[in-house]
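Inspection log for the structure reproduced underneath, given as structure tokens.
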Amino acid sequence: MDELSPCKSIDYKSDRQEEGMGTKMAYSPLQHDADFENAHLFGCYVMVVTNEKMTGGGCIERFNEDRVVIGGKPFSRAGSSFIPMPPPQMDMSGL
């Protein structure tokens with residue numbers, strides 16, 4: 001197939017894909033106020049990534065145009081990525 005063909009197969013797999021329950025899910029970061037508002041209203045778990053390291057996670061308590069508060073800790077919207085995802089699993093077998 002020609003490289004310029006509109007039917008060229010493209011692999012959209014990214015580093016942020018996770019396999020689970022037979023499907024692949026790509027998580028995209030929250031960017032707009034509406035994204036943060038929806039995550040806040042629906043109580044979504046949000047992972048915070050700063051400098052390519054996980055620096056926090058939990059539900060959004062409040063936010064404004066500069067900061068997002070998760071778990072009582074403020075994070076800069078410009079300096080961090082906020083990725084909605086399923087909450088971490090807990091081992092309940094010892095209870």
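Within segment 43-63, being of a type in the set (S, T, N, Q) and surrounded by 11 or more Cβ atoms within 10 Å (Cβ to Cβ) holds for T50, T55. If you go through segment 22-42 and keep only what is over 12 Å from the mean Cα position of the chain (by Cα) and surrounded by 11 or more Cβ atoms within 10 Å (Cβ to Cβ), you end up with K24, D33, E37, N38, H40.
Any read-out appearing in this document is the output of simple, stated calculations on the displayed coordinates, not a laboratory observation. As the structure is a computational prediction, the values presented were derived from the model and not from experiment. Here Cβ is always computed from backbone atoms with ideal geometry, including for glycine, and neighbour counts include all displayed protein chains.
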